[in-house]
Amino acid sequence: MDLDNIKTPQDIKRLDISQLKTLCADVRSRIIDVVEKNGGHLASNLGMVETTVALHYVFDCPRDRFIFDVGHQSYTHKILTGRNSAFTGLRKNGGLSGFPKPEESEYDSFTAGHASTSLSVAAGFAESVRRSGGNSATVAVIGDGALTGGMAYEALNAIGSEKLPVVIVLNDNNMSISKNVGAMSTYLTRLRVSKRYTGMKTEIKRAVSIIPLFGDGIIHLMEKSKKFLKRVVLSNKMFEEMGISYYGPFDGHNLSELIDVFSQVRKKDRPAIVHVITDKGHGLKSATCDPEHSHGISSADAASGNDFSKVLGDFLTDAAVKDKRITAVTAAMAIGTGLENFAAAHPDKFKDVGIAEEHAVTYCAALAAGGLKPYFAVYSTFLQRGFDQIMHDVCIGNYPVTFCIDRAGVVGADGVTHQGIYDLSYLSAVPNLTVACPTDGAELKAMLEFSLDFGRPLAIRYPKSYTADREHTEIVYGKWETVVSSGANVYVLCAGGRALDIALRASENIGINVVNARFVKPLDNQYLRSVNKKGNLVITVEDNTCVGGFGSQVLFALNSYGLKAELRVLAHPDGFIDDRDVNTSLSGSGLTCEKLTELIKSFK
């Protein structure tokens with residue numbers, strides 16, 4: 001089937017089941033082909049092909065709104081909504097976003113990128129429809145992993161209590177980025193097993209229906225007593241007790257079954273959950289066998305580099321042998337943050353709390369209050385969700401929690417929702433929190449050594465990779481490291497490895513002093529006072545927004561004791577960045593050797 005002929009979802013409504021199955025196979029091949037070249041979320045999208053086709057077959061998008069939780073399982077949706085040709089440019093500059101994006105298509109109803117948000121969005125849309133007197137449907141697709149996020153339950157409570165007619169498709173593949181954990185995972189496992197309830201009820205119906213005269217009456221009696229039967233087979237009816245009808249579980253790869261259940265649910269004017277069981281990576285053996293490592297894959301031409309995450313994982317794995325206090329915590333990101341080997345070596349000291357960053361932060365605060373040494377490994381973009389807990393639960397109590405903040409700075413292909421360019425700004429505003437930026441793996445290791453006996457909250461932020469290890473001076477609290485001393489009157493203060501790389505390249509052609517500002521908070525005020533002289537130029541460089549970041553902190557400090565030197569800030573401009581390539585993101589913000597050199601020459 002030529003996927004380019006599918007211009008809108010209306011085109012698939014004319015197909016029969018056999019043709020729909022062929023369509024699914026073609027969509028799956030298209031996803032594999034593009035993702036293996038461009039990178040992207042492979043396993044999650046392969047598992048959602050049939051469910052997405054069935055949704056578009058039954059519902060009328062964009063009149064009916066589809067909201068994909070996280071959004072990294074929406075590739076089939078993009079292909080079916082007239083974007084197959086553009087799909088070749090997935091996650092590339094000028095191409096499709098890897099997540100739903102309303103600016104890209106009217107079929108994308110809401111921007112996504114973080115987990116556990118879809119039900120709140122669906123509640124808002126459903127209320128808008130109700131208030132306007134419309135009759136369009138609202139469909140939220142949420143994975144079982146996202147149900148570890150507390151926001152999802154706040155929304156479920158609202159949907160049930162307000163009787164909002166939201167169709168919730170629970171995509172249950174028993175596998176988020178890391179293995180699902182907690183009571184919800186156990187509950188869903190029980191529901192999967194409960195297929196025996198559905199099977200038993202069907203068999204009994206079939207048996208009694210053939211009894212002359214009495215068959216229909218017995219079936220009617222059974223329907224009236226089905227609640228009792230459910231209580232016998234299922235001990236927990238959480239969703240229905242919240243006011244949300246539960247249907248399932250169903251085979252998420254059985255098109256006929258899915259089309260039938262969606263058609264029935266669409267007619268009901270009340271909230272409903274349709275529980276579908278899918279295989280993450282369905283249709284590709286390697287992805288099915290290893291869905292965790294096939295969740296997000298790099299592009300074929302992705303640049304290699306030294307991995308900060310590996311340094312963290314190796315250090316904590318070794319350190320935990322001697323230091324019994326160490327506990328490594330992650331929010332469903334053990335592989336991405338480098339903790340996979342730690343988890344295997346120290347299962348009793350490893351805690352995966354699921355997609356629950358707020359809980360993770362407060363949990364770490366209590367671990368520290370109880371005498372343990374917690375390290376919370378988390379992507380910069382996801383730590384944003386725990387800001388309140390950092391402020392109130394960790395830093396007011398001054399508990400020695402170490403935040404290991406991965407993917408800081410621009411991130412490339414994941415785009416606008418995943419950029420880590422705000423952490424220096426919001427973390428610098430938190431009292432009692434020390435903020436550090438290692439420039440390479442050797443310095444990260446030294447900072448982690450320093451953290452072992454540091455009795456206060458500490459945030460260590462770094463991008464995915466670094467260029468090469470250097471020799472460093474000893475880590476001293478609040479002190480910076482001079483990397484190049486030229487005797488010139490230009491001082492380039494670098495927060496992080498990307499900034500330092502830019503300055504070192506510039507220093508090869510122009511006389512400057514290059515400083516590794518390894519502590520963003522506290523600043524090295526002694527050094528700043530020494531360079532705050534008339535005739536000097538101080539330039540700060542950071543892979544962070546200019547608003548409230550390192551440069552802003554330096555300006556505030558210089559002003560506090562009388563600004564004499566000239567100050568320039570190289571940072572990302574205020575706003576969101578949706579660039580899909582790290583180098584072009586840096587270049588677009590002027591974070592380049594050429595821009596730095598231009599600033600220096602204009603001063604001289």
Next item on the list: Name the long-range amide H neighbours of LYS373: under 5 Å, sequence gap of 5 or more, or other chain; modelled H, no Pro or chain starts.
Entry: ILE326, THR327
Checklist line | Positive minus negative residues near VAL484 (Lys, Arg vs Asp, Glu; Cβ under 13 Å) | finding: -1
Check: When only the heavy atoms of the protein chains count and the probe is 1.4 Å, how do ASP579, ASP348 rank by accessible area, highest first?
Finding: ASP348, ASP579
Margin query: With a 1.4 Å probe and all protein chains left in place, how much of the accessible area of the chain comes from carbon and sulfur atoms, in whole percent?
Written below: 53
Note to self: I want the local charge near VAL361. Using Cβ-Cβ distances under 14 Å, sum +1 for each Lys or Arg and -1 for each Asp or Glu among the other residues.
What the structure shows: -3
Next item on the list: Please say if the range 38-133 is rounded, prolate or oblate, where rounded means a/c under 1.5 for a ≥ b ≥ c the square roots of the C-alpha gyration tensor eigenvalues, and otherwise the choice is prolate for a/b larger than b/c and oblate otherwise?
Entry: prolate
Checklist line | Ordering of 532-544, 124-136 by packing [mean C-beta count within 10 Å, highest first] | finding: 532-544, 124-136
Notebook entry, point to check: If THR545, THR482 are ordered by their accessible area, calculated over protein heavy atoms with a 1.4 Å probe, which sequence runs from highest to lowest?
Noted result: THR482, THR545
Notebook entry, point to check: How do the peptides 554-563, 491-500 rank, highest first, by the average count of neighbouring beta carbon atoms within 10 Å per residue?
Noted result: 491-500, 554-563
Notebook entry, point to check: With a sphere of radius 14 Å drawn around the Cβ of LYS322, what net charge do the other residues whose Cβ falls strictly inside it have (Lys, Arg +1; Asp, Glu -1)?
Noted result: 0
Note to self: Helix-only estimate, please: 222 nm mean residue ellipticity of the chain, summing -39500 (n - 2.57) across DSSP H runs of length 4 or more and dividing by its residues, to the nearest 500.
What the structure shows: -11500 deg cm²/dmol
Next item on the list: At 1.4 Å probe size, with every protein chain present, just tell me what the per residue accessible area of the range 510-573 comes to in Å².
Entry: 36
Note to self: Please report the accessible area of SER109 (heavy atoms, 1.4 Å probe, ligands and nucleic acids excluded) in Å², nearest 10.
What the structure shows: 30
Check: What accessible area, in Å² to the nearest ten, does a 1.4 Å probe give for LYS267?
Finding: 150
Item checked: the range 454-514: GluC sites (Glu not before Pro) falling in loop per DSSP and having at most 15 other Cβ within 10 Å -> GLU471, GLU474, GLU508
Checklist line | Separation of alpha-carbon centers, the range 487-517 and the range 1-42, rounded to whole Å | finding: 50
Margin query: Leaving ligands and nucleic acids out of the surface, order THR584, THR597, THR381 by accessible area at 1.4 Å, largest first.
Written below: THR584, THR597, THR381
Margin query: Counting only pairs 8 or more residues apart or on different chains, how many lysine pairs in the range 296-405 have their Cα atoms under 17 Å apart?
Written below: 7
Next item on the list: Could you sort out which of LYS21/LYS237; LYS78/LYS237; LYS37/LYS101 sit more than 24 Å apart by Cα distance in this structure?
Entry: LYS21/LYS237; LYS78/LYS237
Item checked: Global size of the range 397-556 as Cα Rg and Dmax, reported in angstrom -> 15.2, 48
Notebook entry, point to check: What is the mean projected area of the alpha carbon convex hull for the range 317-443, to one decimal in square nanometres?
Noted result: 7.8
Check: Which shape class applies to the range 329-380: rounded if a/c is under 1.5, otherwise prolate when a/b exceeds b/c and oblate if not, where a ≥ b ≥ c are the square roots of the Cα gyration tensor eigenvalues?
Finding: oblate
Check: Which one, (i) 1.06; (ii) 1.04; (iii) 1.00, gives Rg/Rh (Cα atoms, Kirkwood Rh) as derived from the coordinates shown?
Finding: (ii)
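The values are calculated or read from the model by the stated rules, or taken from the named source; none is laboratory data. Since the structure is predicted, the reported quantities are computational estimates derived from the model, not experimental observations. So basically every Cβ, Gly included, is an ideal-geometry build from the backbone, and we count neighbours across all protein chains shown. Only protein heavy atoms, including side chains, enter the accessible area calculation; ligands, DNA and RNA are left aside. Shrake-Rupley method; radii C 1.70, N 1.55, O 1.52, S 1.80 Å.
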